[in-house]
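Report on one structure; see the data block that follows.
Every number here is computed from the coordinates shown, using simple stated rules; none is lab data. Fair warning: this is a prediction, and the values are worked out from it, not measured in the lab. Positions of Cβ are backbone-derived with ideal geometry, glycine not excepted, and every protein chain shown enters the neighbour counts.
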Amino acid sequence: MFKVLIADDEPKIRKGLKQWIEESSYKFQVVAEAKNGKEALEYTIKASPELFLVDINMPMMNGLDFISQMKKISPNSIVVIITGYDDFQYAHKAIKFNVFDYLLKPVSKNEFNNLLRKVTETLGNRADEAEVMEVTTEKNAAYSSMIRSVKDYIDDHFDDSQLDLSHIAQLFDTSKSYISKRMKQELGKSFVEYLTDIRLEKAKKILENHHARMTMYHVSTRVGYTSQHYFSRVFKKTYGISPMEYRNKFNKL
């Protein structure tokens with residue numbers, strides 16, 4: 001049910017509008033009635049209505065002043081002015097406040113039902129958009145979760161020489177281009193770039209800690225490379241020195 005607030009200083013008008021709402025086939029419920037703008041503002045905070053039916057000429061705080069204050073609290077609510085004032089100045093201010101509709105008294109029941117229909121369509125569309133947004137957000141969260149899983153898998157299996165993008169795509173039941181694109185978006189690196197960085201960082205640690213006991217061939221195979229020469233070329237391209245030169249730096253320490 002969509003919640004409605006009626007703000008009008010005439011009890012007869014409030015009663016009539018409420019009755020029409022209750023008799024209509026649309027899903028609206030009057031949650032508050034106010035006889036002036038100040039009272040309407042209090043009910044806005046308490047009841048959080050989605051539809052406001054507001055008269056302009058009210059004591060203590062007129063309808064336009066109320067709308068100005070209310071929009072600060074509930075900017076996305078729908079406001080309909082129902083008034084006896086057929087004045088361009090009022091209509092111009094109503095447009096400024098993004099009022100949904102401006103009805104002149106006396107309002108017919110048919111005219112009021114048409115209004116409820118239009119409001120229902122608008123609120124329904126908003127609900128649909130919110131649902132789509134929620135689903136999209138959930139999907140994006142799932143995608144991020146998948147990329148985290150891909151990252152964890154690479155971290156654990158970087159030393160597998162058979163590890164490639166095709167293997168990852170098959171494992172996670174998606175396409176190679178999608179995996180690479182999402183990794184680029186979320187990690188700032190493509191699959192190849194991320195795998196290479198992991199392998200080379202691991203190689204650096206081996207060279208630092210085991211330089212006296214491992215040949216360069218064994219270092220390369222430990223981090224997933226089948227070719228020592230390719231490993232050396234990639235290492236030098238990345239760090240500016242060869243693996244041997246890097247190891248020798250630590251021999252001198």
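Remarks
- 222 nm mean residue ellipticity, helices alone, for the chain (DSSP H n ≥ 4; -39,500 (n - 2.57); rounded to 500): -20500 deg cm²/dmol
- Debye intensity ratio I(q)/I(0), log10, the chain, q values 0.09, 0.10, 0.11 Å⁻¹ (C-alpha model): -0.59, -0.62, -0.67
- For the chain, the longest principal axis of the alpha carbon atoms and the long axis of helix 11-23 meet at an angle near 60°.
- Rounded to whole numbers, the Karplus 3J(HN,Hα) couplings from phi for the range 67-73 are 4, 4, 6, 4, 5, 6, 8 Hz, using 6.51 cos²θ - 1.76 cosθ + 1.60 with θ = phi - 60°, and x at Gly and Pro.
- Peptides 67-73, 28-34 ranked from most to least packed, by the mean per-residue count of other Cβ atoms within 10 Å: 28-34, 67-73.
- Put in order of Cβ neighbour count within 10 Å, fewest first, the listed residues LYS93, LYS27, LYS118 become LYS27, LYS118, LYS93.
- For the range 2-129: rounded, prolate or oblate by the Cα gyration tensor [a/c cutoff 1.5]: rounded
- Across the range 158-253, the fraction of Cα-Cα pairs farther apart than 24 Å, rounded to a whole number, is 29%.
- Relative contact order of the chain, defined on C-alpha pairs under 8 angstrom at six or more residues apart (%): 11
- Legend: calculated FRET efficiency, PHE97 to SER25, from the Cβ-Cβ distance at R0 = 25 Å, rounded to 0.05, equals 0.30.
- Here's the picture: charge each Lys and Arg Cβ at +1 and each Asp and Glu Cβ at -1 in the chain, and of VAL192, TYR43, MET61 the one pushed furthest to the positive end of that dipole is VAL192.
- Modelled FRET efficiency - R0 22 Å, GLU208 with ILE241, Cβ distances, 0.05 increments: 0.95
- Charged side chains reduced to their Cβ positions (Lys and Arg at +1, Asp and Glu at -1) give the range 158-253 a dipole of some 400 debye around its Cα centre.
- Amide proton proximity set for ALA32, modelled H, under 5 Å, gap of 5+: VAL4, ILE6
- Counting neighbouring beta carbons within 10 Å and listing from fewest to most, the residues THR44, THR221, THR238 come out as THR238, THR221, THR44.
- Among 223-233, 106-116, the order from most to least packed when residues are scored by Cβ within 10 Å on average: 223-233, 106-116
- For the chain, a simple Cβ point-charge model (Lys and Arg +1, Asp and Glu -1, everything else neutral) yields a dipole of about 1440 debye relative to the Cα centre.
- Test item: Cα-centred dipole of the range 2-129, Lys/Arg +1 and Asp/Glu -1 on Cβ, debye: 160
- Peptides 13-22, 166-175, 52-61 ranked from most to least packed give 52-61, 13-22, 166-175, packing being the mean of other C-beta atoms within 10 angstrom over each peptide's residues.
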